[in-house]
Every structure is written in structure tokens, then in C-alpha cells.
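First up is the structure itself, then whatever we jot down about it.
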Amino acid sequence: MTKTKLIAGNWKMNGMPDDSVRRTEQILSFVKSHKQALGDKATVLLCPPATLLPLLHPLVKNSPVFLGGQDCHPQTSGAFTGDISAEMLKNAGCSSVIVGHSERRAGHGESDELVAQKAAAVHRTGMTAVICVGETAEQRAKGLAEKTVRSQIAASLPVDTLYADNTVIAYEPVWAIGSGETATREDVETMHGFIRDFLRKKFPALSEAQLLYGGSVKGANAKQILEYENVDGVLVGGASLNATEFCKIIEAAL
Ligand code: PGA
């Protein structure tokens with residue numbers, strides 16, 4: 001049986017109420033009009049900035065479009081200025097949270113250990129953690145791509161709270177994010193095969209977890225990427241900000 005593909009849009013720090021409502025309504029109307037075709041072939045997840053969640057949640061509630069957060073703090077509440085907890089995101093209507101995105105790892109110095117704590121917080125609330133990993137161009141050039149991803153996975157997974165349905169791994173080579181340069185079929189299949197084997201050996205609960213590819217996914221390349229072996233969905237940044245383009249990516253999964 002083929003697995004349900006996850007089509008996730010990461011809006012990053014983009015979106016004001018008007019454009020975000022318009023974008024969400026367009027995506028929702030596409031998804032509703034393709035409900036039959038979508039069936040259990042694809043799930044759609046939108047990860048807007050947290051400020052937009054209360055506005056967007058009433059629009060997508062009880063629909064096949066789900067909401068996710070882009071990051072969370074390991075603690076439930078407390079004196080952590082600027083942070084947001086998994087409980088708050090869940091309360092605002094999220095079903096998933098992205099953790100360990102390379103922009104957080106690089107821009108905020110997040111370690112694998114912190115990512116694991118964040119993922120455990122996501123699990124604590126019953127949501128799904130989308131845990132991101134991926135090598136830099138320099139690591140790949142040195143032949144360290146697999147080693148990097150293996151050590152990120154080994155240390156970013158919260159061992160005590162994992163099971164296949166609450167954890168998604170997103171492989172996002174840093175050099176492919178926002179660069180317009182997509183990893184080749186060989187790059188993706190080799191890495192996803194490697195991740196699958198590693199999970200089977202070291203994290204048997206995640207043997208069948210969904211593996212996403214992210215990095216310059218767009219309407220024109222989504223169909224091809226979704227057909228690669230061990231690719232169970234895509235995590236889309238730039239192209240998720242354009243509803244027409246994002247709908248093409250959803251359509252590619254049908
Ligand atoms: P991109 O971003 O699609 O703009 O390359 C992907 C991501 O950062 O998740």
C-alpha cells in the first residue's frame with residue numbers, strides 16, 4: 001500500500017492577515033474541490049507564523065487542511081521571553097510542529113540536544129514533530145553528508161516519546177533551501193534510503209515514519225520528487241507562499 005504523502009508549507013516569517021487569509025482560502029478551496037482525489041493519498045499542512053494561527057484556525061477547522069507551528073520551547077510555560085510552547089501551539093489549532101529547521105539550527109545556534117527536547121515537548125501534547133536534518137554544501141563537498149545526517153538524527157530524536165505516527169523526518173540539504181537548486185534524484189534517493197535503513201536499525205518504532213524532502217520544491221518539480229523512492233512528502237518554503245504554486249504541488253501528489 002502506498003503511504004499518504006504529506007505536503008507541508010513552511011511560511012517562515014511571512015504573512016499578514018489579509019494575504020494569509022486569501023492564500024489559505026485558495027488552498028482550502030482547491031483541497032475541498034479535490035477531496036475525492038486526495039482521499040488518503042495526501043495530507044496538507046500549513047505552518048504559518050504563530051500570530052496568524054487564531055485567524056486561520058477557524059477557516060480550516062474540520063477540513064482536510066491542518067495547521068502546524070514552526071518551532072516551540074521545550075517547557076510548557078515560564079519566563080522565556082519571545083518563546084512559544086507546544087501547548088500554546090496545540091491550543092491555537094496546530095496538529096504538528098516543525099523542529100530543528102536549519103534556519104533555527106544556524107541562526108539561533110540550536111543543538112541536536114535542544115531539538116530533541118523540543119520534539120519531546122511536541123510529543124507531550126500529542127502533536128506530530130517534523131524533525132529537520134540536512135548537511136551544508138561544505139559538509140557534502142567533504143563527503144560528510146551521510147555522517148552529518150546520521151549524527152543529527154541520532155541526537156535530535158527524543159528516544160522515549162517516539163512512535164511512527166508522531167514523528168516525521170524532513171531531509172533538507174541546507175544548500176538546496178531557498179537556493180533554487182534542488183537535490184538530484186540520486187542525492188535524494190541515496191539519503192532517504194540511508195535514513196530509512198538507519199531508522200530501521202536504531203529506531204525501529206520509526207521504521208515506517210514519513211520521510212519528507214525539502215529544498216527548492218516547486219510546482220514544476222514536485223511530481224518527480226514525490227515519485228522518488230522513500231519520499232513520503234515534501235516540506236516547501238518559498239513556493240508555499242504562492243497559493244497557485246502550492247496547489248500545483250498538492251496536485252502532484254494525486
Ligand atoms: P524552500 O525552503 O522551499 O524555500 O527551499 C524549504 C524549507 O526551508 O523548508
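When only the Cβ of Lys, Arg, Asp and Glu is charged (+1, +1, -1, -1), the dipole of the range 124-200 relative to its Cα centre reaches about 180 debye. Ordering Thr182, Ala220, His192 by the projection of their Cα atoms onto the charge dipole of the range 163-223, which places +1 on the Cβ of Lys and Arg and -1 on the Cβ of Asp and Glu, puts His192 at the extreme positive end. Within the range 153-210, the chymotrypsin sites (Phe, Trp or Tyr not before Pro) that combine a DSSP coil assignment with at most 16 other C-beta atoms in a 10 angstrom radius are Tyr163. Put in line by how crowded their Cβ is, counting other Cβ atoms within 10 Å and starting with the fewest, Glu186, Glu25 read Glu186, Glu25.
Magnitude of the Cβ-charge dipole of the chain, K/R +1 and D/E -1, about the Cα centre, nearest 20 debye?
Rounded to the nearest 20 debye, it is 380 debye.
In this simple spin-label model, placing a label point 7 Å from the Cα along the Cα-to-Cβ direction at both Asp83 and Lys35 gives a separation of 4.0 nm.
Restricting the trypsin sites (Lys or Arg not before Pro) of the range 62-164 to loop positions (DSSP other than H, G, I, E, B) with no more than 13 neighbouring Cβ atoms within 10 Å leaves Lys142.
Under 1.5 on a/c is rounded, so check that first for the range 35-186, then, if it is not, pick prolate when a/b is larger than b/c and oblate when it is not; a ≥ b ≥ c are the square roots of the alpha carbon gyration tensor eigenvalues. Kindly include the intermediate steps, with their values, before the conclusion.
Values: a/c = 1.77, a/b = 1.29, b/c = 1.37.
Verdict is oblate for the range 35-186.
The trypsin sites (Lys or Arg not before Pro) of the range 15-83 meeting both criteria, a DSSP state outside H, G, I, E and B (loop) and at most 11 other C-beta atoms within 10 angstrom of the site's C-beta, are Lys61.
If you take all other residues with their beta carbon under 13 Å from the beta carbon of Cys132, and give Lys and Arg +1 and Asp and Glu -1, the sum is -2. The range 110-151 and the range 8-82 have Cα centres lying 22 Å from one another.
Hey, which lysines would be in cross-link range of Lys41, C-alpha to C-alpha under 22 Å, not counting anything within fewer than 8 residues on its own chain? Result set, ordered by chain and number: Lys3, Lys5, Lys32, Lys61, Lys218, Lys223, Lys248.
At 222 nm, what value in deg cm²/dmol follows for the chain if DSSP H runs of at least 4 each add -39500 (n - 2.57) and the sum is divided by all its residues, to the nearest 500? Could you put the intermediate results ahead of the total?
Working: 11 runs with 108 residues, N = 254.
Using -39500 (n - 2.57) per qualifying helix, the result is -12500 deg cm²/dmol.
Every number here is computed from the coordinates shown, using simple stated rules; none is lab data. Quantities reported herein were computed from a predicted structural model and do not represent experimental measurements. Quick reminder, even Gly has a Cβ in these numbers, built from the backbone with ideal geometry, and neighbours come from all protein chains shown.
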